[in-house]
Amino acid sequence: MTEAIVKMDTPFADSLLDRVPAPLVGTELPRIDGPRKVTGTARYAAEHFPDGLVHGVLLRAPFGCGRITKVDPAEALAMPGVLAVIRDERMVRNGGGFAGAAAPVQGVEEVAYFGQPIGLVVADSLERARAAALCVRLTFETAPGVFDMVASRETALPPTDDIFGLFLIHTEQGDVAHAASEASALVDAVWQTPSQSHAAMEPHASVAIWQDGQLTLHGSYQSPVVTRDQLATVMGLEPTQVRILSPFVGGGFGGKLGVMPEAVAAAIAAQQLGRPVKVVMTRQQVFEMTGRRPMTYQRLRLGADAAGQLTLVQHDTITDQLTGEVFFEPAGLATHLLYAGANRQVDHKVVRTNKLLGVSMRAPGEAVGQLALECAMDELAEALNLDPIEFRLRNEPERHPETGVPFSSRALVACLKQGAARFGWPTRSRDPGAFRDGEWLVGYGMSSAARGNLFGPSRARVRIEGDGRVTVETEMTDIGTGTYTILAQIVADLLGVELAQVDVRLGDTDDPASAGSGGSWGATTSGSAVYAACSELRVRLAAAAGAPVDAITLAGGVLTAPGIRRPITDLVGNGLAVEGVAQPGESNTRLNQTSYGAHFCEVRVHAVTGEMRVARWSSVFAAGRILNLKTATSQAIGGIVLGIGGALTEELIHDPRSGKVVNRDLGEYHVAVHADIPAIDVHFLEERDSVANPLLAKGVGELGVCGAGAAVANAVYNATGVRVREFPITLDKLLHGLPPLTSATSRT
Amino acid sequence: MPWIEANANVAVTLTVNGVSHRLELDARVTLLDALREHLRLTGTKKGCDHGQCGACTVLVNGRRINSCLSLAAMHGADNITTIEGLGTTDALHPLQAAFVAADGLQCGYCTAGQICSAMGMLEEWRAGWPSHVGEHAPAEAITAAEIRERMSGNLCRCAAYPRIVEAIQRYAGDEGAST
C-alpha cells in the first residue's frame, strides 16, 4: 500500500479544496448517515447478537472508600440461568485515559469511590442477571475518605503531569501582587463549578466475542484504537489480538475515550465462559462508574488601569481527582491567550478526593474556565463603566500575551462586532434590573469564546474501485459530529466523483488508525488524512492519463486536461488505493492556533419566583474553513446548549459523607430539554487557516460551549443585579437579591 | 425467595408494525427489552430504563409511551408501532425525511424516540389535548413553543433541539397543507 504523507511543517498556501469547481465541502449537505439513524437501522454497540450471547450486569461498591473483604455469590449462583459471578484481578477500578496504551487502575478489592465496579454477574438473560446481581452478598471495611473538595482545598497540590504538554500547570510573568495594588479597578473573586456528567444518550455498552485467541468487541468508543490498546494491556494481549468496532456511537463528549469498566468485564467474562457476553451499563452506572468533569474552585483576579487596559490577569484553579490519576481540569487554558495584560499568573492545583474519576468532558478546561474568566471580565467592565464588548476590544492582544507567538488566525474582534449587530446588543440597558416586561426581568449578556485547535496523527485509506466507486476506510468515528459526511464530501470534491459513489467505513481498529473523536480535532485530522490520500490518487490518475497533475480537473467521474478527457474508470485498472497520513509538524507549534467566537443572549428572570428562561441567542464563530455548514452548525448549537445547561441546571451532586453521586439518573441530573432552548442563531465567519492543516479548517465541536454559560450568567446579572458565582445558577441563589417588585421600569 | 426462584414465563403475542410475534417471555421483560433483545428491533433505544429520557418511545395503538416502563406481557391486545414501522432508508416517512433535512439529529441515539414521540404528540395536538403552554388551537399550525413543551420528555444530549422543532414544524405544516 502506497503511503502519502501530509506533514504540517509549512503553511498550506494553496489547498486543493479551493480549486474544486462546484464544491460540496462547505455546503449544507445533509448527513449521509441520516437515513440510517432516522430509520433505526444504524446499529450501536449493544445491538449485536452473536450465537450463544449471554448478559452481564456489573456489581458496584455501596461505599466510598475501603475494601471488599468477602463476596458471597452462593445465593446468586443458585438462581435460575445464572452462569457466573466474576471477580478478576484484571478488572478495572477506573476508566482509561484519553490517550496511551497504559492500563487503567486495576484490581477491584480496594474501593476508591462510591459506585466503583467490583465484579460482574452473568446469566442467560438480562432479567436473570439483574436479579442475581441484587443477591450477591458483600462484606466490606470502610476507611476514611476525602469527599469534600472545597473543605479540603488547603491540601491541594500541583498536578503531577502536564498531559503531553497540553495542560500548562503553572505560568507567571510580571508582578501580579504589585499590579493588583496599582490597578484602578480590580475584580478578585471565586467562581465554583460543579462536577458534571457527559450523560451521552447511549449508555456504555460492550459485546465481547472470543474466537481462536482473538477478541472482538462491539463497543461505544470515541477512539477505538486507544480503547483497543488499553484493553489489550489490561487483558495481557497484543493489540493485534483485539479488534474493536464502533461504527455508530450514541454520543461521547469525552466520556467514551479510554476503555471503560464494562468492556473489560465483558472481555474477561467472555473468555472465562467461552461464549459471547454483553454488558450494558445502567444509566445509574454510567453516572457512577465512568467519568465526570471535575469540579473547580477558581479564583480570578483581574485588574485594569483607568483607560480600561488590563494590567493583571490571574487565574488560580483548584480541582479534584482520584489519587494516582494524572488528568486534571485545566481551567486556565484560555486565560493564557484570550486578553492582553502584562502581569499574569495561571495556576492549577488538585485535591485528591474519593470521588468518581475525573476525565475530559467537552472542552476540558475552557468550558468551565471561561465561565469564570468571562464573568470576571463582565464585572470588571462594569467597574470601569465600560461596555463589555468595548472592554474586550481594548484588550485584544496582537500576539499571544504570554509567549509572544503570533496567532495563525484570530477573528475574535469580528465575532464580537458581528455578533453584537446580529443580536441587537446596542439596545441593552447597562443598569441591572432596569428592563422589565410584565412579570419578567429581562437581561442581555455576552461572552467571548476560545478553544485551542489541535492536530494529531491520523491515517485513512482511500480506494478507487475498478467500477469507479470510492471507499474510505479509517478507524475514525462519527459520534454525531458528521465524520461520515465530511469525509465523503472531501473525497467527492478531490476525486471528482458523485457523493453517492463514495462509501465511508468508520470505527474499525483493523483499518488505518486515526486520532479519534476528541479535542475538536476529529474532522480536521481524519479529513487531512483523506486529503493526503486523495492528493496522491490525483497524481496517479494524472500519470495514467499522461497529464501534469496541476493541469487536471476531476469532475463527474471524468479527468479532463488540455487535450485529454478520460473517465476515471479507464485510469484505475482493477483499482487504486493509497493510505493517507496526516502528521503534525512545526506549523502546529510555531504559531498559536485557536478557534474563536462570541455569544449573545437574552435571559428572562421571573420577578417573583426567580425562574430563568433563555429567550434569545446569537453566536458568531470563526474556525477556519467550515467543512459542512449543517453539521458544524449543529455542533455549535450542541455546545451552546451544553453551556446553557451548565449555567442553569447541571450539577452532579456528591454526598459529602461518602462521595456518592446522589442524582445518578436523568430525572435528577438536569440536562437541558426542549422547553429550555429557544431558536439559536449561529453564524460562521469566512476564514481560512493555512497553518492548521491542508483543509485550512479549525476545530468546531467544543467551541460552542466555551463561554456560553458566562453569557447566560452575565444576562442573569443584567436582568436582576445578582451575581451568582457558584454554578449552576439555580433560582434559590437568586431569590434573596431580586429587585423589589415595584422598582423596575416596565417597557411594555 | 420465591419471587426470584419462580421461573415464570408468560406467553404473549406482540403485534409490531403489523406483524404478530408469538413469544414466551420472562414475566419481567419490558416491552423495550422484548423489542430489542427478543425481536431484535433495535431501532428503539434504551437510554435510561426509567422513563426519564424518552429514547424508548414507541406508539401503542397510536399513543406514545415509554416502552421501558411497560411490561411486554401487558401488550398482547395492542398494535405497536416502532421506528422500523414508519419508513425505510429508501422510502423515508416524511417526518423522518424532515429530520434528515433539518439535521434534527447528531449521534442518532435519541432520534427514533424523538420521531415516534413527535408522531404521537401531533395526534394529541389534533385531538385537543392541552399543554402547559396553553396556546392550544388544534385547527391552527402547531407553534414552536407548543412543540418544545410537548417534546420535553425526549432528551437529546447532542442538543439538536432547535432543529428537531424545525423538522416537526415543517412536517406538521406540510401535513396540514396536504389534508
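Points to keep in mind about this one:
- Annotation for A:ARG19 and A:ASP570: the two label points, set 7 Å from Cα along the Cα-Cβ direction, are 2.2 nm apart.
- For chain B, complete DSSP H runs whose alpha carbons reach 20 Å or more along their own long axis and whose mean Kyte-Doolittle score is -1.0 or higher are B:111-126, B:161-178.
- Positive minus negative residues near A:ARG459 (Lys, Arg vs Asp, Glu; Cβ under 11 Å): -4
- Of interest is the spacing of the C-alpha centroids, which for the stretch A:456-499 and the stretch A:237-315 amounts to 27 Å.
- Helical contribution to [θ] at 222 nm, DSSP H n ≥ 4, -39,500 (n - 2.57), averaged over chain A, rounded to 500: -6500 deg cm²/dmol
- Taken per residue, the accessible surface of the protein assembly as shown reaches 34 Å², heavy atoms only and a 1.4 Å probe.
- Selected from B:GLU124, B:GLU166, B:GLU37 as most flexible by GNM, with chain B as the system and alpha-carbon contacts under 10 Å: B:GLU37
- For the stretch A:600-728, with +1 on Lys and Arg beta carbons and -1 on Asp and Glu, the positive-most of A:ILE677, A:ALA715, A:ALA692 along the dipole: A:ALA692
- Fraction of the pair-distance distribution of the stretch B:46-156 above 22 Å, Cα-Cα pairs, percent: 34
- Among the chymotrypsin sites (Phe, Trp or Tyr not before Pro) in the stretch A:117-210, those located in a DSSP loop and surrounded by at most 13 other Cβ atoms within 10 Å of their own Cβ are A:PHE164.
- Overall dimensions of chain A, expressed as equivalent-ellipsoid semi-axes from the Cα gyration tensor (√(5λ), whole Å, largest first), are 40, 38, 23.
- For B:THR15, distant residues with modelled amide H under 5 Å away: B:HIS21, B:ASP78, B:ILE80
- Relative to its residue count, the stretch A:179-307 spans a Cα convex hull of 156 Å³ per residue.
- Reduction of at least 20 Å² in accessible surface, 1.4 Å probe, comparing all protein chains with the chain by itself, residues of the stretch A:11-52: A:PRO30, A:ARG31, A:PRO35, A:LYS37, A:VAL38, A:THR39, A:GLY40, A:TYR44, A:GLU47, A:PHE49
- Among the protein heavy atoms of the protein assembly as shown, carbon and sulfur supply 51% of the accessible surface, probe 1.4 Å, non-protein parts ignored.
- Here's the picture: charge each Lys and Arg Cβ at +1 and each Asp and Glu Cβ at -1 in the protein assembly as shown, and of A:ALA101, A:VAL350, B:SER131 the one pushed furthest to the positive end of that dipole is B:SER131.
- Antiparallel bridge percentage (DSSP; both residues within the protein assembly as shown; nearest 5): 75
- Evaluated with a Cβ-only charge set (Lys, Arg +1; Asp, Glu -1), the stretch B:2-85 carries a dipole of roughly 280 debye about its Cα centre, given to the nearest 20.
- Net charge of neighbours whose Cβ lies under 11 Å from the Cβ of B:ARG63, counting Lys and Arg as +1 and Asp and Glu as -1: -2
- Counting only Cβ charges, +1 for Lys and Arg and -1 for Asp and Glu, the dipole size of chain A around its Cα centre is about 780 debye.
- Pairwise burial A:B, computed as accessible area of each alone minus the pair, summed, 1.4 Å, Å²: 4900
- Helix-only mean residue ellipticity at 222 nm for chain B, each DSSP H run of n ≥ 4 adding -39500 (n - 2.57), per residue, nearest 500: -9000 deg cm²/dmol
- Magnitude of the charge dipole, the stretch B:94-178, Cβ model with Lys/Arg +1 and Asp/Glu -1, debye to 20: 280
- Bins of 5 Å, starting at 0 and running to the largest distance - Cα pair percent for the stretch B:94-178: 3, 16, 29, 27, 16, 8, 2
- Cut-off 15 Å, label 7 Å out along Cα→Cβ of A:ARG590, residues of the stretch A:663-705 by amide N: A:690-694
- Accessible-area loss of 40 Å² or more (1.4 Å probe, protein heavy atoms, chain alone versus all protein chains) is found in the stretch B:100-134 for B:VAL100, B:ASP103, B:LEU105, B:GLN106, B:CYS107, B:TYR109.
- Hypothetical label at A:THR730: residues of the stretch A:706-724 whose amide nitrogen lies under 16 Å (7 Å Cα-Cβ projection): A:724
- Remark on the stretch B:2-85: hydrodynamic radius 12.8 angstrom, per the Kirkwood mean of 1/r across alpha carbon pairs.
- Projecting the Cα atoms of A:VAL405, A:GLN284, B:ALA72 onto the charge dipole of the protein assembly as shown, computed from C-beta unit charges around the Cα centre, puts B:ALA72 farthest toward the positive end.
The values are calculated or read from the model by the stated rules, or taken from the named source; none is laboratory data. Given the structure is predicted, the values throughout are model-derived calculations rather than measurements. Glycine gets a Cβ as well: all are built from the backbone with ideal geometry, and neighbour counts include every protein chain shown. With ligands, DNA and RNA removed, areas are computed over all heavy atoms of the protein, side chains included. Shrake-Rupley method; radii C 1.70, N 1.55, O 1.52, S 1.80 Å.
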